Amino acid sequence: MNIISLIYKSFRRIAAIINGRGNRLYTKFLLISNNVAYKSFHTNGIPYVMVARGGTFSIGKNFAMNNGIKGNPIGCYERCTFFVDRGAVLTIGDNVGMSQAALICHKSIFIGNNVKIGGGVCIYDTDFHSLDPVIRRSSEDLKNRAEKPVVIGNDVFIGAKSIILKGVTIGENSVIGAGSVVTKSVPANQIWAGNPAKFIRNI
């Protein structure tokens, strides 16, 4: 290792320590200011957190997240995004890890314990807009969007860049292959993948 490389790596190490402490403090501020109940967390980078008045967001112990490319360099540059609408409930259990994920909660999203959520995963419990084109053109659009709870069981692994849609339950221990679009519920102890996701095999 030449001297330039040594200096560079030493500088990066010092910068990482300073940034890490700053990121943790600012993330803690974001969680507290949004009334998020949390036990313990680790973060690379700073997430986006928005909890509307009347929304509820809780996080268990040993929560870990990577925001941006740092910490999980697989080609996803987004921050983790947590949006909780009025009256909605977002619950994250113990020992959950995620990278560059988006959890958009308009009704209810429940994530169990020991869940791994890969880079760029999106979990939506709403269609965001009405499926009726006439209503979609009107001021009643958002009032007529479909919303159904999402439940992710214990020990689930969701592969990178997958999308979990409204009304889906993923049973414990199941695996969702990378790049999948999950439109219907997945039983426990199975592997599903594809667009739309389909049964691959039992675990």
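Numbers for the structure displayed
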{"read-out": "Carbon plus sulfur fraction of accessible area for segment 66-203, probe 1.4 Å, in percent", "value": "54 percent"}
{"read-out": "Distant-in-sequence amide H partners of Val186 (H built 1.01 Å from N, under 5 Å)", "value": "Thr169, Ile170, Gly171"}
{"read-out": "Candidate residues Phe110, Phe83: accessible-area rank, largest first, probe 1.4 Å", "value": "Phe110, Phe83"}
{"read-out": "FRET efficiency, 1/(1 + (r/R0)^6) with R0 30 Å, evaluated for Val134 and Tyr77 via beta carbons", "value": "0.20"}
{"read-out": "Within a Gaussian network of the chain (alpha carbon springs, distance under 10 Å), most fluctuating of Ile117, Ile135, Ile92", "value": "Ile135"}
{"read-out": "Cα gyration tensor shape for segment 37-136, rounded if a/c is under 1.5, else prolate or oblate", "value": "oblate"}
{"read-out": "For Val121, solvent-accessible area (1.4 Å; no DNA, RNA or ligand), Å²", "value": "0 Å²"}
{"read-out": "Positive-end residue, the chain charge dipole about Cα centroid, Cβ charges, pick of Val89, Asn66, Val175", "value": "Asn66"}
{"read-out": "Total lysine pairs under 23 Å (Cα atoms) in segment 58-160, excluding pairs fewer than 8 apart on one chain", "value": "7"}
{"read-out": "Charge sum, other residues only, whose C-beta stays under 15 Å from Tyr77's C-beta, Lys/Arg counted +1 and Asp/Glu -1", "value": "+2"}
{"read-out": "Accessible heavy-atom area order of Arg137, Arg24, Arg201, highest first, probe of 1.4 Å", "value": "Arg137, Arg201, Arg24"}
{"read-out": "FRET efficiency, Ile32 to Thr183 (Cβ-Cβ, R0 35 Å, nearest 0.05)", "value": "0.45"}
{"read-out": "Per residue solvent-accessible surface (Å²) - the chain, probe of 1.4 Å", "value": "54 Å²"}
{"read-out": "Rounded to the nearest 10 Å², the accessible area of Phe29 at probe 1.4 Å", "value": "120 Å²"}
{"read-out": "Accessible-area ranking of Cys76, Cys122, largest first, probe 1.4 Å", "value": "Cys122, Cys76"}
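The values are calculated or read from the model by the stated rules, or taken from the named source; none is laboratory data. Worth saying up front: this structure is predicted, and the values here are computed from it rather than measured. Cβ coordinates were reconstructed from backbone atoms using ideal geometry, including for glycine residues, and neighbour counts include every protein chain displayed. These accessible areas exclude ligands, DNA and RNA; they are computed on the full protein's heavy atoms, side chains included. Shrake-Rupley method; radii C 1.70, N 1.55, O 1.52, S 1.80 Å.
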